[in-house]
Amino acid sequence: MAVPDIPAAKRAGLPVDLDRLAADGDAWLSPEDRYALKTWGVCTQEQPGVFMIRVRNPGGALPTPHARGLARISRSFGPDWLHLTTRQNIELHWVED
């Protein structure tokens, strides 16, 4: 695969049918589709139908209302915990489709 132009990919938008992804799972995704999702913070996992969602947190400050909102999302769609990265972002692991 050629070296991707991430800024151009983000300008072009997400070329993945999210309705189909939600309905049919991720087995049909091509490697290019998986990479496109990754540039938008949605990483597929080895387990079918399981994702890791990365949330950017510019500056590293996370206001309490935002933290509570992410916690609610994690309780609803994930394992009820958040991962804070060394780059001061937030990851929600084991999010199922």
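Can you compute the FRET efficiency between Glu46 and Ala23 using 1/(1 + (r/R0)^6), with r the Cβ-Cβ distance and R0 = 22 Å? Round to the nearest 0.05.
Calculated transfer efficiency: 0.55.
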Projected onto the charge dipole of the chain (unit charges on the beta-carbon of Lys, Arg, Asp and Glu, signs +1, +1, -1, -1), the Cα from Asn57, Leu92, Ala27 with the largest positive-side position is that of Asn57
Residues Glu46, Glu96, sorted so that the one with the fewest Cβ neighbours within 10 Å comes first: Glu46, Glu96
What percentages, rounded to whole numbers, describe P(r) for the chain computed over all alpha carbon pairs with 5 Å bin width beginning at zero? 3, 12, 21, 22, 19, 16, 7, 1, 0
Virtual spin-label span in nm between Leu14 and Phe77, 7 Å along Cα→Cβ: 0.8
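Bear in mind that the values in this text are calculations on the coordinates, not laboratory data. Note that the structure is predicted; figures quoted are calculated from it, not measured. Every residue, glycine as well, gets a Cβ built from its backbone with ideal geometry; the counts of neighbours run over all protein chains shown.
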